[in-house]
Each structure stands twice: as structure tokens, then as C-alpha cells.
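One structure is given here, and the rest of the page talks about it.
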Amino acid sequence: MGARLSMHVLLENSPKALILISGNPGVKTLAEKKKRLKLDLRWAKRFQKEPWESLMHSWNNRSVFSATPLVRHEKGYCRNILSSTLKSWSLARQIDFSKILEQAPIPILWITGKLDTTYSKKPMKFSHPLSQSWIISSSGHRVPWEQLKAFLKILRQFLRSIE
């Protein structure tokens, strides 16, 4: 979801650069949007009603997160906010940022994990002359948590390149 927030920065601001971690520029077809919205609304309901431990087990077993499940304790979260976020920030509600990103006059860093079967191919289909695309082996969707050293090395290198 962080990449979604970052992409929206382009609509409201003029950033010096953009960093997208395991990001999806958007869903292309109406059928895909409907399917995704249905999935996100189902998860939103589960976040409101399901016992936390079984919810987190199911959440972490989704193919996108299965590389490294994170332990999350309920006391650190507000279920209503999580549910609302899933509804409001569903990928189905996001515009397709592909063209906006391709025309952005700023450097863009894409980082994905090789084990992230959902997002690791997205940057490769992306055409932007100022972009850098990195796929970190031994990492899934949660790159900063799974391969912190590799992530920081790439991030520092990118930040130095735009100074």
C-alpha cells in the first residue's frame, strides 16, 4: 500500500524522485477491478470480525505475503481503521498510474522481491528512461523486512544518484 500512496504524491506534488517498493501501477480492466474490489471488501469484513490469530494466519498465507510472514499483535492496530483502509485504498479504486509514471520527469526507483510472484514482473513492463528497477533475490513482497541490508544498499545508492 505504500507504493500506492507514493504514486498519489505525483498527482498532488512535484517530488524530486519516487521510490516504489513492491508496487502496482494499477489494474487495467473493469473485470480485474471488480474482482479485486470483491477480494478487498471480503478482507475488510474479516478484519472487523475474525479472531486476530486466525486472521493474521490467513493474511500471511496469501501468496503475495507467503515468503516471510510477519508477527503482528492486535494491540498495535485498530481493526476499524484497517478495514476502512482496505476499502478506501483498494487497488480497484486506484487509477492506472502506468502512463503518469512513464511520463514523470523524475527518477523512479522500483524495488521488488524475486519471490513476490504478484509484483516482481510489474517494473519489467514499465518504460521510463529515468527509472532504476531492482529485483532482490531471497525476498518476497515485504522487501525492507525480509532483506534490510540489500534494500538499504539500493536505497542509499539511488538517493546518492539524485543528489
TODO: Could you tell me whether the stretch 99-108 includes any residue that is surrounded by 12 or more Cβ atoms within 10 Å (Cβ to Cβ) and on the phi > 0 side of the Ramachandran plot?
DONE: no
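I'd like the residue in the stretch 1-18 that is within 20 Å of Ser83 (Cβ to Cβ) and either part of a strand (DSSP E or B) or aliphatic (A, V, I, L, M) (or both) and, out of all such residues, is farthest from the chain's Cα centre (by Cα). Don't jump to the end; show me each part of the working.
We begin by selecting, within the stretch 1-18, every residue within 20 Å of Ser83 (Cβ to Cβ); these are 1-2, 4-5.
Restricting the remaining residues to those that are either part of a strand (DSSP E or B) or aliphatic (A, V, I, L, M) (or both) gives 1, 5.
Values: Met1: 4, Leu5: 9 Å.
Residue satisfying both the conditions and the ranking: Leu5.
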Task: Set Ser133, Ser137, Ser63: member being modelled with pLDDT under 90, exposed (fewer than 13 other Cβ atoms within 10 Å of the Cβ) and assigned by the TED database to the domain that holds Val9 - done: Ser137
- [ ] For Arg42, state whether it is within 18 Å of the chain's Cα centre (by Cα) and exposed (fewer than 14 other Cβ atoms within 10 Å of the Cβ).
- [x] no
Task: Candidate set from the stretch 82-98 (those that are assigned to a loop (DSSP other than H, G, I, E, B) and either among the aromatic types (Phe, Trp, Tyr) or without any contact (Cβ under 8 Å) to a residue 24 or more places away in the chain (or both)); member that is surrounded by the most Cβ atoms within 10 Å (Cβ to Cβ) - done: Phe97
TODO: Quick one: count up the residues across the stretch 38-81 that are within 22 Å of Asp116 (Cβ to Cβ) and touching a residue at least 40 places away in the same chain (Cβ under 8 Å).
DONE: 9
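Going through the stretch 19-39 one residue at a time, which ones are assigned to a helix (DSSP H, G or I) and either of a type in the set (A, V, I, L, M) or surrounded by fewer than 18 Cβ atoms within 10 Å (Cβ to Cβ) (or both)?
At the first step, the residues of the stretch 19-39 found to be assigned to a helix (DSSP H, G or I) are 30-39.
Those that are assigned to a helix (DSSP H, G or I) and either of a type in the set (A, V, I, L, M) or surrounded by fewer than 18 Cβ atoms within 10 Å (Cβ to Cβ) (or both): Leu30, Ala31, Glu32, Lys34, Lys35, Arg36, Leu37, Lys38, Leu39.
Here is a yes/no grid of residues against (1) at pLDDT 90 or above; (2) over 17 Å from the mean Cα position of the chain (by Cα); (3) of a type in the set (Ser, Thr, Tyr):
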residue: Lys87; (1), (2), (3): yes, no, no
residue: Glu102; (1), (2), (3): no, yes, no
residue: Ser120; (1), (2), (3): no, no, yes
residue: Pro123; (1), (2), (3): no, no, no
residue: Arg142; (1), (2), (3): no, no, no
residue: Arg156; (1), (2), (3): yes, yes, no
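Could we say that Ser6 is within 25 Å of Lys114 (Cβ to Cβ) and touching a His at 6+ places or on another chain (Cβ under 7 Å) here?
Numbers: within 25 Å of Lys114 (Cβ to Cβ): yes; touching a His at 6+ places or on another chain (Cβ under 7 Å): no.
Spelling it out, it is not the case that Ser6 is within 25 Å of Lys114 (Cβ to Cβ) and touching a His at 6+ places or on another chain (Cβ under 7 Å).
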- [ ] Return a yes/no flag: does the stretch 52-74 have any residue that is under 30 Å from Glu163 (Cβ atoms), in a loop (DSSP other than H, G, I, E, B) and aliphatic (A, V, I, L, M).
- [x] no
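The values are calculated or read from the model by the stated rules, or taken from the named source; none is laboratory data. What you see is a predicted model; the values in this text were computed from it and never measured. Cβ: placed from backbone, ideal geometry, glycine included. Neighbour counts: every protein chain shown.
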